[in-house]
Amino acid sequence: MQWIKTLSIMLLVGYSFSFSALAQEKTTKADSIPLFTFSAAYQLLRSTHRDFFNGPAVMITRNFGGHFKPGIGISYATDQQHHDNGLVLSNMKLLPVFANLSYDFTSHSKFEPYVEIALGYTFMKYDQGTDAIPYPNPVDHVTDRGFYAYGGFGLRYAVSKHFAPFVSAGFKGYNNSRNDLDINPHGITFQGGFRF
């Protein structure tokens, strides 16, 4: 139920920003576009091990006036229990910090389809046990880090130049490496949010 509270807060913040953005839009030139935009989203990841990771994400993007838009962001995801490589991982907390690049196909329509990639670094904490009997068995507290990667596509609806809700889908990995024994929650992710 914590994700419902987080989503509710994001919606309230989004609406308050949208009203102020609409008021500001009336006082600025019609052809001006914001130099920076802020995005807040809630993400749901279904891992290849059939577990669910979810949490909020925020990002700031620089607008250079073209189709490409670079940005930086941070997100947080958690899962109570994740099974991987014969291990039981409990209380997983993932904190990726990343650089993002999106390509907007059009900027002359209310509907704005885009593709994006993000690369960064994930900080991970979890409790690690095994599937062996007796269960539960002794637990190790693990702190780890790894290479974060995301690629996906999305669709925004430009309510105004300063407010656009969006949805997106893609594939994400929190600890990508060549070692298949590394703990790497990865899978298909969906997110919805607002750009201000």
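The values are calculated or read from the model by the stated rules, or taken from the named source; none is laboratory data. Treat the numbers as computed from the prediction; the structure is a model and nothing was measured. Virtual Cβ from ideal backbone geometry, glycine too; neighbours counted across all protein chains shown. Just the protein is used for accessible areas: all its heavy atoms, side chains included, with ligands, DNA and RNA removed. Shrake-Rupley method; radii C 1.70, N 1.55, O 1.52, S 1.80 Å.
Observations, loosely collected:
- Between Tyr103 and Asp180, the C-beta separation translates, for a Förster distance of 30 Å, into a calculated FRET efficiency of about 0.45.
- List Arg46, Arg62, ordered by accessible area with a 1.4 Å probe, largest first: Arg46, Arg62
- Förster radius 35 Å - calculated FRET efficiency between Phe111 and Phe52 (Cβ-Cβ, nearest 0.05): 0.75
- Taking all protein chains into account, the per residue accessible area for segment 77-196 stands at 52 Å² (1.4 Å probe).
- With every protein chain in place, segment 57-184: carbon and sulfur % of accessible area (1.4 Å): 65 percent
- Cα Rg, Dmax, segment 145-196, angstrom units: 14.8, 47
- For segment 40-71, applying the loop criterion from DSSP together with a ceiling of 10 other beta carbons within 10 Å to the chymotrypsin sites (Phe, Trp or Tyr not before Pro) yields Phe64.
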